[in-house]
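Below is one structure, written out as structure tokens; comments come after it.
The values are calculated or read from the model by the stated rules, or taken from the named source; none is laboratory data. Quick caveat, the model's predicted, so the values are computed rather than measured. Positions of Cβ are backbone-derived with ideal geometry, glycine not excepted, and every protein chain shown enters the neighbour counts. Note: areas computed on protein heavy atoms with side chains; ligands, DNA, RNA excluded. Shrake-Rupley method; radii C 1.70, N 1.55, O 1.52, S 1.80 Å.
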Amino acid sequence: MELPLASAKPSPRAAGACRPLLFSPLKPSPLLRFPPRRPTTAAAARFRLRLRLRTSAASSDAAAPHGEEVFGARKELTGVQPLVESLPPAARTAAELAVAAAAVAAGYGIGLRAGGGSRAVAVAGAAVLGAASLAGAAALNSVVPEVAAVGLHNYVAGHDDPTNLESGEVEAIAKKYGVSTQDAAFKAELCDLYARYVYSVLPPGDEDLKGSEVDAIIKFKRALGLDDVDAANMHMEIGRRIYRERLETSDRDADMEQRRAFQKLIYVSNLVFGDQSAFLLPWKRLFGVTESQIDIAMRENAKSLYASQLKSIGRGLDIGTLIDVRRAQLAYKLSDEMAAEMFREHVKKLLEENISSALDILKSRIPDSLTQAVEEVKSVIRFNSLLTILSKHPEADRFARGLGPISLGGEHDHDRRADDLKILYKAYATEVLSDGIVDDEKLAPLNELRNIFGLGKREAEGILSDVKAHIYRRALAKAFNTELASVPSKAAFLQILCEKLQFDPELASKMHEEIYRQKLQQFVADGELSKEEVEALMAFQVRLCIPQETVDAAHTEICGQLFEKVVKEAIASVDGYNADRRESVKKAAQSLNLKMEAVIAIFSKALLADIKGELSPTVETEASSAASESEDDDEHEWESLQTLRKTRPDKELKEKLRKSIQKEITLKDDIPLRDRTELYEKYLKFCVTGETTNVAFGTAISTKKDDAEFLMLKQLGDILGLTRKEVQDVHIKFTEKAFVQQAEVILADGQLTEAKAEQLAKIQKQFGLPTENAQKIIKGITTTKLSSAIEISVARGQIGIREVRDLRKANFQLDSLIAEPLRENIYRKIVEEIFSSGTGDFDEEEVYTKIPADLIISAEKAKSIVQDIAKVRLENSLVQAIALLRQKKRDDVFSTLNDLLACDAAVPASKPLSWPHRES
């Protein structure tokens, strides 16, 4: 529904069209007629685009459209208007005087003739015609403002580019017709032209503002010479039209479009009139909108314009662009906080584009994909570094808000993307450290990339450790047969490799062992080691500086399994352990390059497992050795041991065994003492427990237990060449183990009560264990239980300095109860509590002297721990304080600042701390 056309005829309505608005928003002024909202021709579309982007240079091959598309067609003059149009003001005045004179003369003549020559009648006739001519002249003059208004309309509508209209041109039109720009008809036309222009400049509801609308409107208003009050009335009139269109529509989408159009009108109007908008634009009174709705309109349109402005921000930041963006933000009336947030989101998207591109390249597996992906990551680091540098620029206050390093940590989808970011971080680290050298120049961008990706410190360190291990292994492979083979000091060469790569030597040693074990497994896959393979293994051992103990352990485990299989097959053979079997075992030991100690240990273990209570044919004993035992043995101090007493045969058994007397055999010189005592101990255990048989439900029951086995145990000791003292030591050890098992059950809670002491005394007497040994075992169990409980409490954070001091007062040996790493953890927890207490207190004597002394920690170690914690918390406390300040948590801010002061007291900052985001 269009508003009526502006009438060329003056009317009371027209005369008051530009007065302050005092009417309902549902009654639009008939003076105005707006053009259609959407253009119907291509020329109109181009013209509207030109109006919105008038600050841009026009295309050289595009002709400027005519103003009639905005202001309507040219108006035609009617009646006497063409005559007035053709006469300039001076000529029009002269013509009026001439007509009046002629009329007086004619009236005088007519009156003279009509009055019979009477002079009085002649004068009366002259007066009548003169008055009539003057009335006609007055009527002619009243048409002049209307003609001037038509001339103004036609001039502006016919202008090639209305945006280039100058105020002098409007004044010239008024002067041409001899009228004032404040004449009612002329001002009405000015208001009509202004309203049409504003309406044409504002984009429809479904389109965003371009940013040039405010300047274009202000320039056109100045060109027309229209004051703010009259212009504001036209803005209200446009608001009435949009408001009415919204009421008339029943479509939800159309309603939303009109709502957005109204919001854009509010935003543009408030910017056009600036500080005077609160008085000139009564949105709340005329349209019932709230203050919050106005704020939303201002904020959302400012954000839309600022988002368009941010598109000029690319990865190659320059100071001029940042200054322009800042100026645009101020012009758009966007808050610094919102601008900073939008800027950070914009640069995050730029970073994410590089990251996504890098991941796509990396996953594509195309040639040089790693190199190309790393280049994308380097772009990310360079861009982030540039953001950081510019945030610290001396003129950073003039730059766009939000400058500073970016981190993707905390984003809603960060956890989902964490694996991809780790892959990319590993790829970058692999490429950067590929030369085997790690220095600060490389670690700095790696740390920066870790912060950008939002990875934890441990996560990043784990990835770097894997990368270094891979590079170290590759360097070893490359130098193994060249440099490493020729250098005189292998250890020095390996140490230099570790230092260049900043690789942990302990991890390197473990890698060397792993490499050796892999080679050994590869070589023995066929069941034997050739001479060449043995030499190759020796080269690995020498060049990788692998200790002999490690090599022996690897051979014992890997080759021992194969040898044990051969031994078991030989023993279990139906033909018995004959010469052929013995030769096969010997050959297996030689082909696997096993040491004699390992061979004996494996063979003895397999042989003992084959014993089932009967003497082996190869194990010959002499029963007379048992009969000839001296009666003095009964007086030995260890005679009370039940297991040792049972090795003394009675007369009947002695007589029975006397018939099987054979030549004495001893293995004293063939098997090491440790292995002989182990064999003896295992058979002793069999004598005590007997044979067991597995039954249903995983239960084992004893099926054979004969005291005669103890006599065979005595004979086994003789065969093994064990002395009386050595046999006694085995029995003592075995008895102590049995007592320990019983005592651990009784002292499970670590508490030694009177009832438990009596129960343990009975068990001690039953086993025949001396009191001194029993008490030592009991003390060890209680101490271990207490130590275990304390370690659990430390892990749970339940042990503090107060509990430590209580333990020392109770005469507990703290270093035996709590391991040094756990004591350091307690100290670390105490220091962290001091730096997070919010009091700001830091007592050097307490922290550096008293607490370390109580925890048995060196002063140097304590100071190192304090400094490490304080350095980390210094910057973190500043960041946390700023975050709390933004959340307006005042008390928490004070507490955090106190923590920062405590950290500074421990480790004074070498330079003032700074926050990268300086905000006004």
Filter the range 512-549 down to the residues that are surrounded by 17 or more Cβ atoms within 10 Å (Cβ to Cβ), in contact (Cβ under 8 Å) with a residue 24 or more places away in the chain and closer than 22 Å to Ser486 by Cβ and list them by number.
His512, Ile515, Tyr516, Phe540, Gln541, Arg543, Leu544, Ile546
Can you find even one residue in the range 260-283 that is surrounded by fewer than 20 Cβ atoms within 10 Å (Cβ to Cβ) and assigned to a loop (DSSP other than H, G, I, E, B)?
yes
Please state which of the following conditions Gln293 fails to meet, knowing it meets all the rest: (1) of a type outside the set (Gly, Ala, Ser); (2) more than 26 Å from Ala400 (Cβ to Cβ); (3) in contact with a Phe, Trp or Tyr (Cβ under 9 Å, 6 or more places away or on another chain); (4) open to solvent by less than 70 Å² (accessible area, probe 1.4 Å).
(4)
Given the condition at pLDDT below 70 and under 24 Å from Gly717 (Cα atoms), answer yes or no: does some residue in the range 582-603 qualify?
yes
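Assess whether Ala188 counts as being at pLDDT 85 or above, over 58 Å from the mean Cα position of the chain (by Cα) and more than 30 Å from Ser304 (Cβ to Cβ). I'd like the intermediate steps shown before the answer.
On the way: at pLDDT 85 or above: yes; over 58 Å from the mean Cα position of the chain (by Cα): yes; more than 30 Å from Ser304 (Cβ to Cβ): yes.
Against the criterion (at pLDDT 85 or above, over 58 Å from the mean Cα position of the chain (by Cα) and more than 30 Å from Ser304 (Cβ to Cβ)), Ala188 qualifies.
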Which of (1) under 17 Å from Lys595 (Cβ atoms); (2) buried (at least 18 other Cβ atoms within 10 Å of the Cβ); (3) among the aliphatic types (A, V, I, L, M); (4) touching a residue at least 40 places away in the same chain (Cβ under 8 Å) is the odd one out, the single condition Leu476 does not satisfy?
(1)
Test set (1) more than 16 Å from the chain's Cα centre (by Cα); (2) open to solvent by less than 40 Å² (accessible area, probe 1.4 Å); (3) of a type in the set (A, V, I, L, M) - Ile381 fails condition number:
(1)
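Starting from residues that are in contact with a Leu (Cβ under 7 Å, 6 or more places away or on another chain) and not aliphatic (A, V, I, L, M), keep the ones in the range 385-408 and report whichever is nearest to Gln309 (Cα to Cα). Break it down stepwise before answering.
Here is the first cut: in the range 385-408, the residues in contact with a Leu (Cβ under 7 Å, 6 or more places away or on another chain) are 386-387, 390-391, 396, 399-400, 403-406.
Okay, now just the ones that are also not aliphatic (A, V, I, L, M), so 391, 399, 404-405.
On the way: Ser391: 19, Phe399: 14, Gly404: 19, Pro405: 21 Å.
Within the range 385-408, the match that is nearest to Gln309 (Cα to Cα) is Phe399.
Whether any residue in the range 690-703 is farther than 30 Å from Val804 by Cβ and either modelled with pLDDT of 65 or more or buried (at least 17 other Cβ atoms within 10 Å of the Cβ) (or both) is what I want to check.
Looking only at the range 690-703, we keep the residues that are farther than 30 Å from Val804 by Cβ, and these are 690-703.
Subset that is either modelled with pLDDT of 65 or more or buried (at least 17 other Cβ atoms within 10 Å of the Cβ) (or both): none.
The answer is no; no qualifying residue exists.
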For the range 442-464, how many residues meet the condition of being open to solvent by 40 Å² or more (accessible area, probe 1.4 Å) and of a type outside the set (Asp, Glu)?
6
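Determine which member of the set Ile763, Ile778 is at pLDDT below 75 and open to solvent by less than 30 Å² (accessible area, probe 1.4 Å). Outline the logic, then answer.
On the way: Ile763 fails: at pLDDT below 75.
None of the others qualify; the one that does is Ile778.
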Only residues that are small (Gly, Ala, Ser), under 24 Å from the mean Cα position of the chain (by Cα) and at pLDDT 75 or above: list them for the range 878-920, please.
Ala881, Ala883
Hey, can you tell me all the residues within the range 316-343 that are of a type outside the set (A, V, I, L, M) and in a loop (DSSP other than H, G, I, E, B)?
Gly316, Asp318, Tyr332, Lys333, Ser335
Given (1) free of Cβ contacts under 8 Å to residues at least 24 places away in the same chain; (2) touching a Ser or Thr at 6+ places or on another chain (Cβ under 8 Å), index of the condition Gln258 fails
(1)
Check the range 190-207 and report whether any residue there is within 17 Å of Ile266 (Cα to Cα) and either touching a strand residue (DSSP E or B) at 6+ places or on another chain (Cβ under 7 Å) or open to solvent by 50 Å² or more (accessible area, probe 1.4 Å) (or both).
yes
Condition (residue is closer than 18 Å to Asp318 by Cα, in a helix (DSSP H, G or I), hydrophobic (A, V, I, L, M, F, W, C) and touching a residue at least 60 places away in the same chain (Cβ under 8 Å)) applied to the range 394-401: is it met by at least one residue?
yes
Condition first: open to solvent by less than 80 Å² (accessible area, probe 1.4 Å) and at pLDDT 70 or above. Now tell me which residues in the range 793-820 satisfy that.
Ile799, Gly800, Ile801, Glu803, Val804, Arg805, Ile818, Ala819
Name the residues in the range 296-315 that are open to solvent by less than 60 Å² (accessible area, probe 1.4 Å) and either part of a loop (DSSP other than H, G, I, E, B) or hydrophobic (A, V, I, L, M, F, W, C) (or both), would you?
Ala297, Met298, Ala302, Leu305, Ala307, Leu310, Ile313, Gly314
Taking the conditions exactly as written (part of a helix (DSSP H, G or I) and modelled with pLDDT of 90 or more), does Ala475 satisfy them or not?
yes
